[in-house]
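A.B. asks: Have a look at this one.
The values are calculated or read from the model by the stated rules, or taken from the named source; none is laboratory data. Every value quoted in this text rests on a predicted model; they were computed, and no experiment measured them. Here the Cβ is made from the backbone with ideal geometry for all residues, glycine too, and neighbour counts use every protein chain on show.
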Amino acid sequence: MRYRDVVTVVRAPTAAGPDGATAPDWAVPEGSLTLTEYPGEFQPISSTEEIVGQERIQSTHKAFLPYDADVTAADRLRFLGAEYWVDGAPENHRHRGRPHHIEAFCFRVQGG
């Protein structure tokens, strides 16, 4: 697979919540985030708009990354300056018995 774009995996440090469980802390300053660039492809899948008041737009995309990319469901992806939330666990794909690439669904919500 030939990758013509750059996709950045954004990872927040984890912090313990009130219940003691750890979760990504997205409230930290930008400098505390881990940014890792990978060659990749980023393709739109769908977009929906809330008709009443036209306040909210959600777009869904699929990112194609190299098989050795380190990306999890807790990460976010940046592409062309926009940030997307990874939706579910990224999927490892194989071709002819070998690791080939990773596909990750992601979404972005604008407005309301």
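A.B. asks: Do you know which residues across region 67-98 are part of a loop (DSSP other than H, G, I, E, B) and not hydrophobic (A, V, I, L, M, F, W, C)?
C.D. replies: Scanning region 67-98 gives Tyr67, Asp68, Asp70, Thr72, Asp75, Gly81, Asp87, Gly88, Pro90, Arg96, Gly97.
A.B. asks: Scan Arg78, Arg4, Arg56 and give me the residue that is basic (Lys, Arg), under 18 Å from Phe107 (Cβ atoms) and over 14 Å from the mean Cα position of the chain (by Cα).
C.D. replies: Arg56
A.B. asks: Suppose we keep only residues that are without any contact (Cβ under 8 Å) to a residue 40 or more places away in the chain and under 18 Å from Glu30 (Cα atoms) within region 81-110. Which one would you say is surrounded by the fewest Cβ atoms within 10 Å (Cβ to Cβ)?
C.D. replies: Here the answer is Gly81.
A.B. asks: If a residue must be surrounded by 10 or more Cβ atoms within 10 Å (Cβ to Cβ) and not acidic (Asp, Glu), how many such residues does region 45-59 contain?
C.D. replies: 8
A.B. asks: Also: Could you please find all residues in region 45-55 being of a type outside the set (Val, Ile, Thr) and assigned to a loop (DSSP other than H, G, I, E, B)?
C.D. replies: Glu50, Gly53, Gln54, Glu55 - these are the residues of region 45-55 that are of a type outside the set (Val, Ile, Thr) and assigned to a loop (DSSP other than H, G, I, E, B).
One line per residue, one yes/no per condition, for (1) of a type in the set (D, E, K, R); (2) modelled with pLDDT of 95 or more; (3) touching a Phe, Trp or Tyr at 6+ places or on another chain (Cβ under 9 Å):
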position	(1), (2), (3)
Asp25	yes, no, no
Thr34	no, yes, no
Thr72	no, yes, no
Asp87	yes, yes, yes
Glu91	yes, yes, yes
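A.B. asks: Here's another thing I want to ask about it. If only one of Phe42, Phe64 is surrounded by 14 or more Cβ atoms within 10 Å (Cβ to Cβ), of a type outside the set (Gly, Ala, Ser), touching a residue at least 60 places away in the same chain (Cβ under 8 Å) and not in a loop (DSSP other than H, G, I, E, B), which one is it?
C.D. replies: Phe64
A.B. asks: Let me ask something additional. Looking only at region 1-18, count every residue that is small (Gly, Ala, Ser) and part of a strand (DSSP E or B) and tell me the total.
C.D. replies: Residues meeting the conditions: 2.
A.B. asks: In addition: Any residue at all in region 81-93 that is within 15 Å of Val7 (Cβ to Cβ), in contact with a Pro (Cβ under 8 Å, 6 or more places away or on another chain) and of a type in the set (D, E, K, R)?
C.D. replies: no
A.B. asks: Still on this structure, please answer the following. Filter region 19-39 for residues that are touching a residue at least 12 places away in the same chain (Cβ under 8 Å) and in a strand (DSSP E or B) and give the result.
C.D. replies: Result: Ala23, Pro24, Thr34, Leu35, Thr36, Glu37, Tyr38, Pro39.
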